[in-house]
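Working notes, beginning with the structure itself.
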Amino acid sequence: MEPETIGLLVHAVGRTGVLHQLTGVIAAHDGDITSVEILDNWPAEARTYFEVLLPGGLEELVADLEKLAIVRRVERVKTLEQIYGKRIIIMGGGAQVGQVAIGAVSEADRHNIRGEHISVDTIPLVGEQNLADAVRAVARLPRAKALVLAGSLMGGEIETAVREVRAGGLLVISLNMAGSVPEAADLVISDPVQAGVMAVMAVAETAKFNVARLKRRVF
């Protein structure tokens, strides 16, 4: 049987070395930590969320975690993949970000009704360095599958950042704008609403759309 990815929310007493102790117990059970996030880290309470690929029994792992003096209780929760699923990130000029989001949210709703889990995140940003930093940060976001750049002019360091994240496997869609970013993107789309729709279609398992099979990249 394939190992199952489980979500664990650990409530503990906040002190130095909490993460070290928790991960040690998980490793002793051959758990492969695929994601971890420290939600709170105060003396009164430290909450840490784990997603763990676990080959063995969950009950034994929970029991050993709760044996730690610092641990108050352990909850099994649904993973963020199960709840929020794949993420579409939209960034750029506020008005155009909003138009892309209309298409993405509408299309995501259509697929989510059919059993998908796709969420949409937006951030209005201006400035070459701000956008370049944000583009690179998308590669560090869990479950991010596609980035849509919505603006009127993007180039320079933003183009460099786009090429970097694409090399790591992230799908990048650009509006048809001035600057060099459209040359670096996977797809260039003139209509912002359509850009949002196509971003969702490209990552949805319930869609038959495949970017790699397109004979052109500008629409």
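The values are calculated or read from the model by the stated rules, or taken from the named source; none is laboratory data. Worth saying up front: this structure is predicted, and the values here are computed from it rather than measured. As a convention, Cβ positions derive from the backbone with ideal geometry for all residues, glycine included, and neighbour counts pool all protein chains shown.
Determine whether region 79-87 contains at least one residue that is part of a strand (DSSP E or B) and in contact with a Phe, Trp or Tyr (Cβ under 9 Å, 6 or more places away or on another chain). I'd like the intermediate steps shown before the answer.
Of region 79-87, the ones part of a strand (DSSP E or B) are 86-87.
Right, trim to in contact with a Phe, Trp or Tyr (Cβ under 9 Å, 6 or more places away or on another chain) and you get none.
No, the conditions are met nowhere in region 79-87.
Hey, does region 191-201 have a residue that's in contact with a Pro (Cβ under 7 Å, 6 or more places away or on another chain), within 18 Å of Ile89 (Cβ to Cβ) and assigned by TED's automatic domain parsing to the domain that holds Val100?
Going through region 191-201, the residues in contact with a Pro (Cβ under 7 Å, 6 or more places away or on another chain) turn out to be none.
Within region 191-201, none of the residues are in contact with a Pro (Cβ under 7 Å, 6 or more places away or on another chain), within 18 Å of Ile89 (Cβ to Cβ) and assigned by TED's automatic domain parsing to the domain that holds Val100.
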**Request:** Just need a number here: residues in region 50-73 that are assigned to a helix (DSSP H, G or I) and touching a helix residue (DSSP H, G or I) at 6+ places or on another chain (Cβ under 9 Å).
**Result:** 4
**Request:** Return the residue satisfying two criteria in turn: it lies in region 76-117 and is under 21 Å from Ala139 (Cα atoms) and polar (S, T, N, Q), and of such residues it is modelled with the highest pLDDT.
**Result:** Thr79
**Request:** Identify, from the list Glu66, Glu81, Glu45, Glu51, the residue that is without any contact (Cβ under 8 Å) to a residue 24 or more places away in the chain and among the acidic types (Asp, Glu).
**Result:** Glu66
**Prompt:** Do we have any residue at all in region 44-66 that's closer than 30 Å to Val200 by Cα and among the polar types (S, T, N, Q)?
**Reply:** no
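Filter region 1-23 down to the residues that are part of a strand (DSSP E or B) and of a type in the set (Val, Ile, Thr), then identify the one that is farthest from Arg73 (Cα to Cα).
Filtering first and then ranking leaves Thr5.
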**Request:** Would you list the strands (runs of 3 or more DSSP E) that sit entirely within region 102-219 and hold 1 or more residues that are β-branched (Val, Ile, Thr) and closer than 18 Å to Arg87 by Cβ?
**Result:** 118-124, 144-150, 171-175
**Prompt:** If you check Ile70, Ile89, Ile118, which single one turns out to be surrounded by 13 or more Cβ atoms within 10 Å (Cβ to Cβ), touching a Ser or Thr at 6+ places or on another chain (Cβ under 9 Å) and among the aliphatic types (A, V, I, L, M)?
**Reply:** Ile89
**Residues (surrounded by 16 or more Cβ atoms within 10 Å (Cβ to Cβ) and among the small types (Gly, Ala, Ser)) located in region 181-219** = Ala184, Ala185, Ala195, Gly196, Ala199, Ala202, Ala204, Ala207
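Specify which of the listed residues (Arg163, Arg114) is touching a helix residue (DSSP H, G or I) at 6+ places or on another chain (Cβ under 6 Å), more than 17 Å from Val97 (Cβ to Cβ) and in the same structural domain as Gln99 (by TED's automatic domain parsing). Please lay out each step first, then the result.
Working: Arg114 fails: touching a helix residue (DSSP H, G or I) at 6+ places or on another chain (Cβ under 6 Å).
Result of the check over Arg163, Arg114: Arg163.
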**Message:** Pairs needed: first member in region 1-20, touching a residue at least 60 places away in the same chain (Cβ under 8 Å); second member anywhere, of a type in the set (Phe, Trp, Tyr); C-beta distance under 6 Å; at least 6 residues apart or different chains.
**Reply:** Leu8/Phe50; Leu9/Tyr49
**Request:** Identify the residue in region 134-145 that is over 9 Å from the mean Cα position of the chain (by Cα) and in contact (Cβ under 8 Å) with a residue 24 or more places away in the chain and, among all such residues, is surrounded by the fewest Cβ atoms within 10 Å (Cβ to Cβ).
**Result:** Arg136
**Lone qualifier among Gly103, Gly31 - being crowded, with 20+ Cβ neighbours inside 10 Å, under 29 Å from Leu171 (Cα atoms) and in contact (Cβ under 8 Å) with a residue 24 or more places away in the chain** = Gly103
